[in-house]
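Please read the structure below before turning to the comments.
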Amino acid sequence: MIDILLLLIIVACAIFALFMKDLLSATIILGVYSFIMATIFTRLNAVDVAFTEASVGAGITSVLMIAALSRTKRYEYHYTKGQRKKPSALFSKIMSLVLVIVTGAVLVYGTLDMPEFGDPEAPTNQHVSPRYIEETHHDTGINNMVTAVLASYRGYDTLGETTVIFTAGTAVILLLRRKKKV
Amino acid sequence: MKEHIIVRIVAKFFTPFIQLFAFYVIAHGDLGPGGGFQGGVILGASIILYVIAFGMDEGRKRISQKVSDILVSTGALVYAGIGILCILAGGAYLEYAELPLGSHHLASHLGMYGIEIGVGITVAFVMITIFFETAKKERTDS
């Protein structure tokens, strides 16, 4: 019951964020969206993911979006009536609607072959999960399987992620830092 | 926001607690949810809160541009360096169990601590850097 309520709130947040003309409000609504998403992850017992979603999605992303807004304009650009009636604008709107519907249909079609949620016969529950549950403590000496997978079993991936973040920081410094006046 | 005394007091009061929580999250990644990434984000957020309340110049006094630039690369170097240390200790790259720190379990535990700390440093200071460079400078400083 509460899961359906949370999912409905998420859909409502997404729709409001789309139609909001004030981009600051849209950013805040996206923060709410992330926070409810974190609640859903907690309901699914994925606490690590929920923690990341709450701190990154609801916390830092909102702040960085607001920081980006301080460099641009707060309100969305309004089309004048003449621009809106142009046939090319209408055509691109219809085309994007078709594209979104097709993509959504393909994604839904992809989920049809997936096993039921929580199905004990699913391949992941048969083969991958038991191995991590049984072997993690013996292999790595720590108890949190998620951390063990991130830091030890998939250590290269995490090194790559850290490098990606480092590259993002470097790129921001190179692009946006003002040089000192000589 | 420099003139809002409530914002300033609350930010000043909460910053150390948020930072303590960030270190807790980094250090307890092996026991509960959390780890270097989340802890680093929280650490960055605490400093961003301070900067929002007190302004860019005050924030740059606390963490100078040079220090934060150095720390951005330090984290990634700590991570990669632990991998190199594992090779020097006779294992494969990032095979923490080979580090000469007592038992294999203890060595891999400490190796994971090390890389979590590296991830945390990089994430925290990249977030701070992005905020400092993206947010518009206040007009009063010119």
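What to note about this one:
- Search result, residues across the stretch B:81-103 that are facing chain A (nearest Cβ under 10 Å) and crowded, with 16+ Cβ neighbours inside 10 Å: B:Ile82, B:Gly83, B:Cys86, B:Leu94, B:Glu95, B:Tyr96, B:Ala97
- For the stretch B:46-64, the candidate set comprises residues that are open to solvent by 40 Å² or more (accessible area, probe 1.4 Å) and in contact (Cβ under 8 Å) with a residue 24 or more places away in the chain; within that set, the residue that is farthest from the other protein chains (Cβ to nearest Cβ) is B:Asp57.
- Condition met for A:Asp139 (open to solvent by less than 100 Å² (accessible area, probe 1.4 Å) and within 14 Å of another protein chain (Cβ to nearest Cβ)): yes
- Residue in the stretch A:168-181 that is more than 10 Å from chain B (Cβ to nearest Cβ) and surrounded by 10 or more Cβ atoms within 10 Å (Cβ to Cβ) present: no
- Flag for A:Ile165 being in contact with a helix residue (DSSP H, G or I) (Cβ under 7 Å, 6 or more places away or on another chain), among the β-branched types (Val, Ile, Thr), open to solvent by less than 60 Å² (accessible area, probe 1.4 Å) and farther than 23 Å from B:Gly34 by Cβ: no
- Condition met for A:Glu116 (surrounded by 10 or more Cβ atoms within 10 Å (Cβ to Cβ) and charged (D, E, K, R)): no
The values are calculated or read from the model by the stated rules, or taken from the named source; none is laboratory data. Not measured: the values here are computed from a predicted model. Because the Cβ atoms are built from the backbone with ideal geometry, glycine has one as well, and the counts that use them run over all protein chains shown. Areas reflect the complete protein model, heavy atoms only, side chains present, ligands, DNA and RNA absent. Shrake-Rupley method; radii C 1.70, N 1.55, O 1.52, S 1.80 Å.
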